[in-house]
Amino acid sequence: MKNTKPAGILRRLVLTAAAIGMAGLLSGCQLLPLIGPGASFDASGYVQSGLDCLYKAQYDAYCAITDSTEEEAAQAYEEGMETESQTFELYFELTLSDTDRQKVIDAYKKVYQQADYTVEKAAVKKEEASTQYLVEVRVRPLLIFDDILTEYNAFVDEMNGRYSQEDVDAMGEEEYAAYLSQYAQKIASLMESHADTVTYGEEQSVTVHVQPDSDGIYEIPEEDLQAVDALIIQY
């Protein structure tokens, strides 16, 4: 049976799609030969540049540190936003058309520009065979879905007044898709309209580990990236 009311604002139970994109983005940083004995790898700069690339489409520092091209960084950013739209689908139990997906992606891009994170100076942890860096990232979560809740609930009430359960059950495939599209477009519009005035939750922190693999490539564990991403937007 179709439901006249897609999923409400509930805490997300799945890993954020952006974390998946982030894991791909920050999969590794080559430790260049120019960094010799006694020199320090800029682990904090690595983390900062990765976050700025992923959430704010700021590529210069990330490209310089990882020896990436702007095209590669931009592709990673776009892929992250694409997977974030998939989280949106899961969260609200919607299937997005290409047009609606782009609107949702554009809304996330605007909201993520307001992401508030502070990357602290790295602490060095020397081990027998390598050096590990511990980087504290302090995040004030974006409460965009709290901000839009009142207006979203009013829209749901309006839609439930316009369409009875019987109306929804009688819809054909195309008509039902158009019906759900109204929800997707409304939520995306609300996100965009509140992006510049988004409120924040209480600051929380995550320790990110930066360490070289057997080839000397510095990387961040996927679980650390997911932990940061889970704080950026509070679902």
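The values are calculated or read from the model by the stated rules, or taken from the named source; none is laboratory data. Just so it is clear, the model here is predicted, and its values are computed rather than measured. When we count neighbours, we look across all protein chains shown, and the Cβ atoms used for this are built from the backbone with ideal geometry, even at glycine. Heavy atoms of the whole protein, side chains included, go into the accessibility calculation; ligands, DNA and RNA do not. Shrake-Rupley method; radii C 1.70, N 1.55, O 1.52, S 1.80 Å.
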Quiz item: Of Ala57, Leu94, Ala43, whose Cα points farthest to the positive end of the dipole of the stretch 39-100 (charges on the beta-carbon: +1 Lys, Arg; -1 Asp, Glu; origin at the Cα centre)?
Solution: Ala43
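Can you tell me the accessible area per residue over the stretch 65-204, all protein chains present, probe 1.4 angstrom, in square angstrom? Write out the running numbers ahead of the final one.
Details: 7350 Å² over 140 residues.
It amounts to 52 Å² per residue over the stretch 65-204.
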Quiz item: How much length is gained on full extension from Ser130 to Thr118, taking 0.36 nm per residue of separation minus their Cα-Cα distance?
Solution: 1.7 nm
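When the accessible area of the stretch 103-209 is computed with all protein chains present and a 1.4 Å probe, what percentage of it is carbon and sulfur? Mind dumping the intermediate values first?
Working: 2410 of 5530 Å².
Ligands and nucleic acids excluded, carbon and sulfur give 44 percent.
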Practice problem: For the stretch 189-235, run through the GluC sites (Glu not before Pro) and keep only the ones in DSSP coil with at most 15 other Cβ atoms within 10 Å of their Cβ. | Solution: Glu202, Glu203
Exercise. Leaving ligands, DNA and RNA out of it, rank Ile217, Ile233 by accessible area with a 1.4 Å probe, largest first.
Key: Ile217, Ile233
